[in-house]
Number of protein chains: 2
Amino acid sequence: MARFKKITMLVGGVAMAALLAACGNIGSSTGGGTASTNSNQAGVQTTGQISKSEYSGVIKNGHYLTSNARGLTATTMNNTFNLTSFEGGLLNISKQFYDPANYIFQEGQYLSGSTLRSWLGRKSKNNPNGLNPKDNGKKDDSRNPIYVQSIEEQDFMQKNGDNLVLKGITIGIAMNAIDYYQKEQYGATFKQNISKAAMQNYGNDVAKQVVQRLRKTRGISSDLPIVVAMYVQAPTDNLSGGTFYASTQTKSSTIDNWNKLDVVNKVFPLIGASTKDFANNDSKSFQNFQSQVENFFPTVSDITAQAQYLDQKIQGEHVTITTQFYSQTEIISFTNFVAQVAPKFLPSGVPVDITINSANGIQAFLSRNSNDRNFESHVFTSY
Amino acid sequence: MARFKKITMLVGGVAMAALLAACGNIGSSTGGGTASTNSNQAGVQTTGQISKSEYSGVIKNGHYLTSNARGLTATTMNNTFNLTSFEGGLLNISKQFYDPANYIFQEGQYLSGSTLRSWLGRKSKNNPNGLNPKDNGKKDDSRNPIYVQSIEEQDFMQKNGDNLVLKGITIGIAMNAIDYYQKEQYGATFKQNISKAAMQNYGNDVAKQVVQRLRKTRGISSDLPIVVAMYVQAPTDNLSGGTFYASTQTKSSTIDNWNKLDVVNKVFPLIGASTKDFANNDSKSFQNFQSQVENFFPTVSDITAQAQYLDQKIQGEHVTITTQFYSQTEIISFTNFVAQVAPKFLPSGVPVDITINSANGIQAFLSRNSNDRNFESHVFTSY
């Protein structure tokens, strides 16, 4: 019986190794049951890449290696766009430093959930490592706000024989431009504005402390490249997330200089924008698209877009159309129509996607890569 | 002032015509203000095709021409999959008779909402045209059930100079295999099973009456091709919709013979299927896919698939994965992983799509056409 079980497991291990080996650019594999020289990395495999611009990820003992600190924030994240844009944007920044062709992505493994929880808390007797200022007891604009909303760690690995070795870390630090707080539990929510200068100064100081603490963390060498990227959260009622405003890479315990990032998100149609706004032409084009679409279909209730600019140059656009449909054929015709008008009005040379929703959720989806002229479309169907 | 307005309108008309003319394979256009010889078709344009397998649709006076009878059913549609699969499937049947390269699709314009409402009702003194049987007053299995749940009209047009001319009609008739009814308003719901033979006999009779009535409808000639497709609804608790079981085309007032359609929907993993089930191998492959995915990611809560078979040959698969994500990087890694294992386990040579959902809605989407080996993937992001 014991023997039978052992064989079954071995077959399982081989089958899995075979499966993973077949996954494109497979990373190093220690196999299901093979011993590893580094117990910390035993049974480590990678998912393989689906394209040269996407990272391979780490599989440990057959499972995707998640972070112990996943999804931690100082207060309730005030806008779901912030979460997506912070984490997705951080990965894009990482790609500039750690080429997906040469590095394997690992969810942060060096900062534990308990460590990050204490860092994101206020400094106090009980929490000497808190990166947010101590509570000064005030309940108005003279209070010490929560500056640091979230910290995200991303690890970048390379193969060394059978092991994966840490070759770089990226730390994202999400700062509040507005701190939302309650004066009493379950009470009304108040806003405390934080000036840009105060936020940036506080953030730079936090970044330095984080780097110093990381250098003392087991497994992180004194010259490991650490990228730090600073993010400012968008207000609760914004229809887009925040943006990264600075980044740097350090191979020591200090941060010598920051690269300022001029990233701006715009929501179209722009409300009350001046003709001098650098996004004004894109907004005008979007409004033409909007009126074509609204004119075509009687029940279109909402069309908006998020656009992102780097150095005032558009980087891409996410368009969302919400409308009521009465039949599947209406959805198909509408999607075909959108696919035809979109290339005329939406920005070219950058990725654009269009989500078509009804009250029942997503109905169709169109997208175009930077280099394409035509949109690929997909209507969600079922049997 | 009046003159100014006229010019503005003319410019508007020209701009719209120019826009539409630029839309791929543009159909006949009477322009914004040009007089038409057929007042019924004035200002008719088409959306143009996005591909040879998709219909161009009808735009009338600048708007998509919807049907007056959109979304009508005899009782509340008992399963949202039924609606999508009935209407989408009907369009696919139409494509076999009216090639999208040569015909333009128009939402049904000949059966009005009030006509269809009376047809879908029970026959009675007040409703002599009711296609469902008269109420015999019974409240148990001896009652006359509602056989006909929904009737859908699709029109297929061709250009003739400046006009669009009706060249064919498709009628879909959705039949109940189970009639859900209440004995008293707001009361409990009871089920009345309808035998396959009774349903088919009743359906054939209804189809004949519908064809006879269409022949008497203004604008429909005595020899216009009419395709009739018979659909049986899936039960309320089914995880897929119903299927078409027969179709025919007639150029007269009678229906001489039916083509039986052997279409079967399966939901994977099959529960308690015998090894003789023709879908058993596909279900096994799906279960391997399922265990790979569940093994990879700790919080996968649900993976199911709908597959459709014609003459016991698989036609395609819709896979739905529901899982909780804690970060955008988890979604990205998970999607990359799914893109790599899917080609190994999911059926090849037929279209397959995979929707990845969380409690917050769709997170990512993968699809593969019949002829491709690799899946295209898209992770929904925002700025």
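The values are calculated or read from the model by the stated rules, or taken from the named source; none is laboratory data. Every value quoted in this text rests on a predicted model; they were computed, and no experiment measured them. No Cβ is skipped: glycine too gets one built from the backbone with ideal geometry, and neighbour counts run over all protein chains shown. Surface accessibility is based on the protein's heavy atoms, side chains included, excluding ligands, DNA and RNA. Shrake-Rupley method; radii C 1.70, N 1.55, O 1.52, S 1.80 Å.
When you restrict to C-alpha pairs under 8 Å that are six or more residues apart and normalise by the size of the stretch B:80-261, the relative contact order lands at 21 percent. In this structure the stretch A:80-261 gives 46 Å² per residue of accessible area when probed at 1.4 Å with all protein chains present. Scanning residues 5 or more positions from A:ASN357 or on other chains, those with amide H under 5 Å from its amide H are A:ILE321, A:THR322, A:THR323, A:GLN363, with H placed 1.01 Å from N in the peptide plane. Remark on B:GLY242: its backbone amide H falls under 5 Å from those of B:ASN82, B:ALA234, a criterion applied only to residues 5 or more positions apart or on other chains, H modelled at 1.01 Å from N. Residue ranking by accessible heavy-atom surface, 1.4 Å probe, largest first, among B:TYR326, A:TYR231 comes out as B:TYR326, A:TYR231. Ranked from shortest, the separations from the 7 Å Cα-to-Cβ label point of B:LYS313 to its equivalents in the other copies are 5.1 nm. Solvent-accessible area per residue in the stretch A:265-379 equals 41 Å², computed with a 1.4 angstrom probe and all protein chains kept.
Taking the helices alone, chain A has a mean residue ellipticity at 222 nm of -9000 deg cm²/dmol, built from -39,500 (n - 2.57) per DSSP H run of at least 4 residues and averaged over all its residues.
Among B:THR73, B:THR323, B:THR46, the residue with the largest mean-square fluctuation in a Gaussian network model of chain B, with springs joining Cα atoms closer than 10 Å, is B:THR323. Taking B:GLU317, B:GLU184, B:GLU153 as the candidate residues, the one with maximal mean-square fluctuation in a Gaussian network model of chain B, Cα springs under 10 Å, is B:GLU184. Computed 3J(HN,Hα) for the stretch A:250-262, one whole-Hz value per residue from the Karplus formula 6.51 cos²θ - 1.76 cosθ + 1.60 where θ = phi - 60°, is 10, 10, 9, 8, 10, 10, 8, 8, 10, 9, 6, 10, 9, glycine and proline marked x.
Note on B:TRP258/B:LYS52: beta-carbon distance plugged into 1/(1 + (r/R0)^6) with R0 of 30 Å gives a FRET efficiency of 0.55. Shortest first, A:ASP99 label-point distances to identical copies amount to 5.0 nm, with the label point at 7 Å from Cα along Cα→Cβ.
Modelled this way, with points 7 Å down the Cα-to-C-beta line, the labels at A:LYS216 and B:LEU310 are 6.9 nm from one another. Applying the Karplus relation 6.51 cos²θ - 1.76 cosθ + 1.60 with θ = phi - 60° to the stretch A:227-240 yields 3J(HN,Hα) values of 9, 10, 10, 9, 10, 10, 6, 7, x, 3, 8, 6, 9, 9 Hz, where x marks Gly and Pro. A Förster distance of 22 Å, applied to the separation of the beta-carbon atoms of B:ALA101 and A:ARG373, puts the FRET efficiency at 0.50.
Karplus-based coupling profile of the stretch A:314-323, in residue order and whole Hz: 5, 10, x, 9, 10, 9, 10, 10, 10, 7, with θ = phi - 60° in 6.51 cos²θ - 1.76 cosθ + 1.60 and x standing for Gly or Pro.
For the stretch A:287-324, a decrease in accessible area of 10 Å² or greater in the assembled protein chains relative to the isolated chain, with a 1.4 Å probe, applies to A:GLN292, A:ASN295, A:PHE296, A:PHE297, A:PRO298, A:GLN306, A:GLN308, A:GLY316, A:HIS318.
Summed over both chains, the accessible area lost when B and A associate is about 5700 Å², using a 1.4 Å probe. Separation of the stretch A:243-261 from the stretch B:310-383 is 37 Å, based on Cα centroids. Comparing A:GLY161, A:GLY172, A:GLY241 in a Gaussian network model of chain A, where Cα atoms under 10 Å apart are tied by springs, the biggest mean-square fluctuation is seen for A:GLY161.
Distances between copies of A:ASN127, taken at a point 7 Å out from Cα along the Cα→Cβ vector and listed shortest first: 6.4 nm.
Nearest to the axis that brings chain A onto chain B is this chain A residue, judged by its Cβ, with the distance in whole Å: A:ILE362, 2. With the whole protein complex present, A:LYS266 retains an accessible surface near 30 Å², based on a 1.4 Å probe. Counting only protein chain heavy atoms and rolling a 1.4 Å probe, the accessible areas of A:GLU294, B:GLU376, A:GLU54, A:GLU107 rank, largest first, as B:GLU376, A:GLU294, A:GLU54, A:GLU107. Less than 15 Å from a label point 7 Å out along the Cα-to-Cβ axis of A:LYS196: which backbone N atoms in the stretch A:258-279 qualify, by residue? Answer for the stretch A:258-279: A:260-265, A:278. Accessible-area loss of 40 Å² or more (1.4 Å probe, protein heavy atoms, chain alone versus all protein chains) is found in the stretch B:64-102 for B:TYR64, B:ARG70, B:THR84, B:GLU87. Its relative contact order, with pairs defined as Cα atoms under 8 Å and 6+ residues apart, puts chain B at 10 percent. For A:LYS167, the amide hydrogen comes within under 5 Å of the amide hydrogens of A:PHE156, A:MET157, A:GLN158, counting only partners 5 or more places away or on other chains and with H modelled in the peptide plane. Alpha carbon centre of the stretch B:114-139 versus the stretch A:158-182: separation in Å? Rounded to whole Å, the Cα centres lie 67 Å apart. Ligands, DNA and RNA left out, the 1.4 Å accessible surface of chain B is 48% carbon and sulfur atoms.
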